[in-house]
Every structure is written in structure tokens, then in C-alpha cells.
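These notes concern the structure reproduced below.
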Amino acid sequence: MQVMGLVGEIKNLLPSAKNILIALPVGVNIDKLAAGLSLYLSLKQAGYEISIVGEDTMRVSQAHLFGVDQVQQTLPEVGGGDLIVTLEGVAVPDTTSETGWKVPNLTNIDYNTTAGNMELIFRTNSSPLQPTKIVPRYQGGRPELIFVLGAANLNSLGAVYTNQTIFSGVHLVNIDSEANANFGQTNIVDPSAASISEMVAVLLNSLGLNIDQDVATNLLAGIFDGTANLTSNKVNADTFMAVSQLLQKGGQKPALSQQLQTGGLDLSGLMPNQPAPVSPQPIVQPTPVVPAPPSLNINPITNEPFVNPPVVGVNSAPISQPGNSSPEERPSMETVVSENEIEPGWLTPKIFKGNGG
């Protein structure tokens, strides 16, 4: 990755950079925003005076990123430049003045140096000036180092680039995963990189800057967004290595949006303490048991069940069951013959005579 070859330049620039600015382009996506915020948080933790600016209003879908509330829509005031002292409440309306205001009785402004101090002297004709408040501020200061992330050119910064003097004479570090105009003094542009967040993850590691849990979570969100949930053709072994390292630093995978739930890879196995998602199991309802109706014989003519007719003229004496006959009903000569005993007369031939005519 091209980041590695340019780390030395940035290492030499950081010690002398009193003020650092990170600029984001118009229409910033989660990948670019997450990369910018991660760089901002790591440099701020290292003690640098740093600001992040972008023209866009942050959307609800970007609110989960750490540090998103630090993005300013206008260039912040930077230390250095001209010192301006405001005396509030001393000017009065004046229709003849070009500004519509004037300071009465002011004839001259002078200064003295005393014991290492400088005193401003406001000379008047008569009554002294009585300001309600004195406010000092700086104007014309600019940062010593500017990082621009994901911009095709400086005009892509929109209103942020309106004050072009801020960007002139300042060392620009141009970071992008797409080919651009190479407008920086240091151009870290790598079209083969899967995402800008992956590039920033490598940059932070190479610079020895801290990647805490918040920064790691931001970078994971950027990588997943920039690679369409790790399905981009640019995803390679370096991408999975970066994801693994960020997970080991405590980073949390982003919650998959509805758009990403239809694809992508599950990397929960890279972290043992992060359980794999469980697919919901269907709830099986028990089948109700309906008792079968009694079997009825239906008369096909009347479509009604058959009814056994009553027996007329027959005594309703109980019918004896086989094996329960009384002694009177048994044959008088009935005896029990064993299996091995032959009944007498069984082998004697029998002669039957018919009634012959």
C-alpha cells in the first residue's frame, strides 16, 4: 500500500505543526467521514491542536460515529495572524460614514512599550472612550498542516475552500482511494485500496498513534461502508488483516443496515468473545387433536343413520355366550377326550343305509 512509502514525510511534518486541519469533501460518505474522525481523534489524543471541517450537515445515518459532533461547517479561527482588539459600545451611528458608525473624539491611536509590555493609546479630543467590553481575537491565522480526505480536487470541498488563502502556502496531505488531481504536497493516493478507512488505519499504525476502541469502531464502520460489507472486488488479504487488528483493539462491527443484510461476510469468528449471530428458528405450534366422530351407517335414500328395529315376538331372554352354557344345555354324552386317547368305535366302519325303493 502506498501509505507506507510516505509515512516518513508526515512524521517529519507533525512535530512542527502547531495547528492541524482535516478537510472533508461535499457529499461525504461514512467511509470518508469515519476516516477523518479517526485521524482527528488519534491526533487530538496525541496532544495536537486540531480541527475537522466539512460543508455537509451530518445525517442521522452518520450519528453513530464517535466525534461526529466535532465537525464544523466553517473554518475555525486559528491562532496566529493579526491581533484585533475590539472595544465594544464606543461607536455611535453616523449616516455620513461609509460604515454607518463612528468613534467620536478619536484623533489618534498610538502605543508604548513598558517593562516588556505594549500599551495601546487611544487619543481623543475631550471625553475618554468608555467601552463596555474589550475583546481580543486573531484574524488571518492558518494551520501549518492540512489533511484532505476523499476529495477529487480542492473545489470538492465546497464552501470550505471559499477562503483559498487558508490553503495556500500550507503543506497539504492528500489521502484518497480513488485517482484524483494530486493537488497535495504529499499525495497518498492508492486506487487499489479497498477504502480510505483502511488507508487511515495503516497510517495511524505506521505513525505510532493510538487506536483506542472508539477509533477502531469508526474505522470498522468506514471499511464496511467502503467495501459494501466486504464484498467489493478491491477487498484483499490486507483488508481482512486491518479488520482483524481493529477487532482485537476492541472495535465493534457496525450494525448491518437493511441494504447490507442480503450479502456480505460474517467475521464474528475472528473474535472469540463476540458470539456469532443466531438465525431465528420458526415457532412450531402444536396441532390440535380433534376427536373423530363415531362411525355411522348412512341410509343413502333418507340420508339418515340406520336404526336397528326392535325384535317383536321374541322373548328377551339373554343369549347365552359360547363357553357359558348351563349343564342342562350340554349334551349328556359329552366327555373330554385327551389328545392321545382314541375314542372307542372311531375305527369301526360305518354303514349308512338309505331308503331304497
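Tabulated data for the structure shown
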item	result
Residue in region 15-38 that is surrounded by 15 or more Cβ atoms within 10 Å (Cβ to Cβ), among the polar types (S, T, N, Q) and out of contact with any strand residue (DSSP E or B) (no Cβ under 9 Å at 6 or more places or on another chain) present	yes
Residue tally, condition closer than 23 Å to GLY226 by Cα and buried (at least 17 other Cβ atoms within 10 Å of the Cβ), over region 162-182	6
Residue in region 195-207 that is of a type outside the set (S, T, N, Q), over 25 Å from LYS11 (Cβ atoms) and either within 17 Å of the chain's Cα centre (by Cα) or surrounded by fewer than 24 Cβ atoms within 10 Å (Cβ to Cβ) (or both) present	no
Per-region count, region 16-41, residues over 21 Å from HIS64 (Cβ atoms) and in a loop (DSSP other than H, G, I, E, B)	3
Single unsatisfied condition, PRO191 versus (1) surrounded by fewer than 15 Cβ atoms within 10 Å (Cβ to Cβ); (2) in contact (Cβ under 8 Å) with a residue 24 or more places away in the chain; (3) under 20 Å from ALA34 (Cα atoms); (4) not polar (S, T, N, Q)	(2)
Residue match in region 1-17 (condition: modelled with pLDDT under 90, small (Gly, Ala, Ser) and within 23 Å of ALA152 (Cβ to Cβ))	yes
Matching residues, region 39-53, being within 19 Å of SER206 (Cα to Cα) and in contact with a strand residue (DSSP E or B) (Cβ under 7 Å, 6 or more places away or on another chain)	LEU39, TYR40, LEU43, LYS44, TYR48
Restricting region 60-103 to residues that are among the β-branched types (Val, Ile, Thr), in contact (Cβ under 8 Å) with a residue 40 or more places away in the chain and within 30 Å of GLY222 (Cβ to Cβ), the residue that is surrounded by the most Cβ atoms within 10 Å (Cβ to Cβ)	VAL71
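The values are calculated or read from the model by the stated rules, or taken from the named source; none is laboratory data. Quick caveat, the model's predicted, so the values are computed rather than measured. Counting neighbours? That spans all protein chains shown, and the Cβs are built from the backbone with ideal geometry, glycine included.
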